[in-house]
1. For residue 121, are the conditions met, namely being assigned to a strand (DSSP E or B) and either surrounded by fewer than 18 Cβ atoms within 10 Å (Cβ to Cβ) or at pLDDT 75 or above (or both)?
2. Looking for whichever is in the same structural domain as residue 139 (by TED's automatic domain parsing) and either farther than 30 Å from residue 129 by Cβ or part of a helix (DSSP H, G or I) (or both) here; the options are 101, 50, 33. Which one fits?
3. What's the total number of residues in the stretch 131-187 that are on the phi > 0 side of the Ramachandran plot and modelled with pLDDT of 80 or more?
4. From the list 89, 85, 7, 107, pick out the single residue that is outside the structural domain of residue 120 (by TED's automatic domain parsing), part of a loop (DSSP other than H, G, I, E, B) and surrounded by fewer than 16 Cβ atoms within 10 Å (Cβ to Cβ).
5. Determine if the stretch 61-69 includes at least one residue that is closer than 30 Å to residue 147 by Cα, in contact (Cβ under 8 Å) with a residue 24 or more places away in the chain, in a loop (DSSP other than H, G, I, E, B) and touching a strand residue (DSSP E or B) at 6+ places or on another chain (Cβ under 9 Å).
6. Within the stretch 74-81, identify whether any single residue is assigned by TED's automatic domain parsing to the domain that holds residue 146, surrounded by 11 or more Cβ atoms within 10 Å (Cβ to Cβ), part of a loop (DSSP other than H, G, I, E, B) and free of Cβ contacts under 8 Å to residues at least 12 places away in the same chain, and answer yes or no.
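The values are calculated or read from the model by the stated rules, or taken from the named source; none is laboratory data. Worth saying up front: this structure is predicted, and the values here are computed from it rather than measured. Glycine gets a Cβ as well: all are built from the backbone with ideal geometry, and neighbour counts include every protein chain shown.
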């Protein structure tokens, strides 16, 4: 929960929430904004009005992925969870995937190839795992490819929810992920 230096819980405007009720805490934890970027308020006044609906509610500190309905396993696959057989001196060096692998940077689009410190290095091949290759990128527990590229858009299917969502991976910084309904795939 968002707190001040004295440990008081704060709302989205920075005001103290005195003795939040269990209902307020539950609403704060369960809050997920699943609207796509084009469904969100555009003008500053509309955004302010949207935020005012959450005034006097405690703020649960989630990152953008969790707030959009993704889970850890959607980015951190088998190797990040079970390791690759090597010992690393620091936990962050054992990660295969980087944010820019799916999101790109201001100057370059996403490559959809893992490039983290522990990215796979096979003899005779470029380092990393191609996320768009069914075998390399992996499949969800439901048998569908984890990543799909449609035109210039990169989409990722959930590893926890069958056929419920697919997430658009924005390929430049400053964009927001959008939760979209995913129609079942035939075949």
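1. Taking the combined requirement at face value, the residue does not satisfy it.
2. Numbers: 50 fails: in the same structural domain as residue 139 (by TED's automatic domain parsing); 33 fails: in the same structural domain as residue 139 (by TED's automatic domain parsing).
The conditions single out 101.
3. Kept after step one, since they are on the phi > 0 side of the Ramachandran plot, are these residues of the stretch 131-187: 138, 143, 151, 163, 174, 187.
From what's left, modelled with pLDDT of 80 or more: 143.
So the answer is 1.
4. Values: 89 fails: outside the structural domain of residue 120 (by TED's automatic domain parsing); 85 fails: outside the structural domain of residue 120 (by TED's automatic domain parsing); 107 fails: outside the structural domain of residue 120 (by TED's automatic domain parsing).
Selected residue: 7, the only one of 89, 85, 7, 107 that is outside the structural domain of residue 120 (by TED's automatic domain parsing), part of a loop (DSSP other than H, G, I, E, B) and surrounded by fewer than 16 Cβ atoms within 10 Å (Cβ to Cβ).
5. Yes: one or more hits.
6. no
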